[in-house]
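Notes for the one structure printed next.
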Amino acid sequence: MNYDSEILFVLNEAGPKGLSIRKIAMHVFNRCNGLFDAISLEDVHRYVASYLMKNSKAPDSIIERTNMRGVYRLNLNNASGQLKFDFKDYVPEDADCVKTEEDRSLSLF
């Protein structure tokens, strides 16, 4: 399982207030646990805690600690915030200019 992307997704959804390690671990556990791929909550919690501590030490990292103990959030004030993309459907500004092709398929009736 790729818990790293799930951790970043949960922190992105949490917003600027951040979340505690326990809540992040619960969200990651719920998103990754399945009927045929059972995982342990303790293992997920241990991985999330080590990942957050390891990746929040550098001042230019994408994860930062808040003033409250054990609460983390995304650090969007630096260049690493450029790595997050918001993928949405592209709609051209001139929607009238888009050519639509005529449907030439045969009718069944």
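Rule-based calculations on the coordinates, nothing more; no lab input. Note that the structure is predicted; figures quoted are calculated from it, not measured. All Cβ positions, even for glycine, are placed from backbone atoms using ideal geometry, and neighbour counts span all protein chains on display.
Taking a label point 7 Å from the Cα of residue 2 along the Cα→Cβ vector, which residues of segment 9-50 have an amide N closer than 18 Å to it? Residues 9-13, 28-34, 48 fall inside that zone. Of the chymotrypsin sites (Phe, Trp or Tyr not before Pro) in segment 1-44, the ones in a loop by DSSP (not H, G, I, E or B) with at most 11 other beta carbons within 10 Å are 36.
In this simple spin-label model, placing a label point 7 Å from the Cα along the Cα-to-Cβ direction at both residue 32 and residue 53 gives a separation of 1.7 nm. With all projection directions averaged, the alpha carbon convex hull of segment 1-57 covers 3.7 nm².
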